[in-house]
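One structure below.
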Amino acid sequence: MTNIVLQPGEWSLDEMIEETKDGYYLHTNRSWSIDDLRYNFQFGCEVGYRIRNGEITGLVKNPTYTGITNEFWNSTTAVGKKSLMEIVGTPNCGKGEPGQTMYTGHGGPPARFENVRVGVLDS
């Protein structure tokens with residue numbers, strides 16, 4: 001596992017939401033999986049919000065998103081301001097036999113991506 005921190009941009013969270021025609025605001029990763037080549041990934045979140053025409057229109061429980069790493073990062077369309085930064089970590093990598101213990105972390109401000117597969121059902 002690697003440590004990744006996204007460099008801040010110039011967007012406020014409100015601006016990103018207002019500029020989103022159709023999408024989801026996903027928050028608080030709770031599970032993750034990535035292959036050994038760091039190519040295919042899947043994340044599960046605690047909560048998400050449905051965005052339509054620049055407004056949050058509903059709550060989404062336990063959303064997931066998946067993708068291919070280079071396509072995902074190349075689809076970035078907005079990155080939040082430094083004041084929105086959040087760095088989180090975990091005490092172990094979760095890979096290897098026997099299990100590895102090494103502090104890892106990731107973080108950054110909220111960001112917006114296009115054409116990401118979100119695994120939620122729209123009601």
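Normalising the average separation of contacting C-alpha pairs (under 8 angstrom, six or more residues apart) by the number of residues puts the relative contact order of the chain at 29 percent. By the beta-carbon count within 10 Å of each Cβ, the least crowded to most crowded order of Val88, Val47, Val79, fewest first, is Val88, Val47, Val79. Split the chain at each of the trypsin sites (Lys or Arg not before Pro) in a DSSP loop with at most 14 other beta carbon atoms within 10 Å, and the longest piece is 39-94.
Karplus-based coupling profile of segment 46-62, in residue order and whole Hz: 6, 8, x, 10, 7, 10, 9, 6, x, 9, 6, 10, x, 9, 10, 8, 6, with θ = phi - 60° in 6.51 cos²θ - 1.76 cosθ + 1.60 and x standing for Gly or Pro. On the principal axes of its alpha-carbon atoms, the chain has extents of 49, 33, 23 Å, going from largest to smallest. For the chain, a simple Cβ point-charge model (Lys and Arg +1, Asp and Glu -1, everything else neutral) yields a dipole of about 220 debye relative to the Cα centre. Exposed loop sites, defined as chymotrypsin sites (Phe, Trp or Tyr not before Pro) outside DSSP H, G, I, E and B with at most 15 other Cβ atoms within 10 Å, are absent from the longest region of the chain, namely 40-102.
With the convex hull drawn around the C-alpha atoms of segment 3-74, the volume per residue stands at 105 Å³.
The numbers here are math on the coordinates, done by the rules we state, and not lab data. The shown structure was predicted, so the numbers you read here are calculated from the model rather than taken from an experiment. Every residue, glycine as well, gets a Cβ built from its backbone with ideal geometry; the counts of neighbours run over all protein chains shown.
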